[in-house]
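Before any comments, here is the structure.
Rule-based calculations on the coordinates, nothing more; no lab input. Treat the numbers as computed from the prediction; the structure is a model and nothing was measured.
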Amino acid sequence: MEISGQRGQRKGLENECKVIRAFNRPFTRPLWLKSLRRGSLVEDGRGVDFVATTDIGPILLQLKSFLTGSIKFRRKPEHRDIIVVVLQKKFSPAEIRREIIDLLAQERNWLLKNKY
């Protein structure tokens, strides 16, 4: 028997592995994106799955499999600085990269306009 929290953790780990595989393949990286790494244990405890290092500083990411999980996560005030990426099961590695890079670009542009 599997407890629902365990299934969610397994799905989250699967998504993290998909992102790692997608970004370990050759692709043309935007010049502003310096690196992408998994969150530390402390960061993970805050809800951060990945940290993108950009030319203007770090951007935090949380992966979700479903829109409902994304909405629930975003409702918490302590998560307002974390970008949520909803990864559909059917996404190819190129689609995963495109989804993440597009969201990072949107957040970077917002930060440039509003904070820098």
In the structure displayed, which of LYS76/LYS115; LYS34/LYS64; LYS89/LYS113; LYS18/LYS72; LYS18/LYS113 lie more than 27 Å apart, Cα to Cα? LYS89/LYS113; LYS18/LYS113
Could you please state, rounded to a whole Å, how far the C-alpha centre of the stretch 15-32 is from the C-alpha centre of the stretch 79-116? 13
Quick one: Karplus J couplings for the stretch 13-23, per residue in order, coefficients 6.51, -1.76, 1.60, θ = phi - 60°, nearest Hz, x for Gly and Pro? 5, 4, 5, 4, 5, 4, 5, 4, 4, 5, 7
From the helices alone, meaning DSSP H stretches of at least four residues, give me the mean residue ellipticity at 222 nm for the chain, per-run term -39500 (n - 2.57), in deg cm²/dmol to the nearest 500. -15500 deg cm²/dmol
Taking placed amide H atoms and a strict 5 Å upper bound, the residues 5 or more places from VAL85 or on another chain that come that close are GLN62, LEU63, LYS64
Restricting to bridges with both residues inside the stretch 4-114, how much of the DSSP beta-bridge set is antiparallel, in percent to the nearest 5? 65
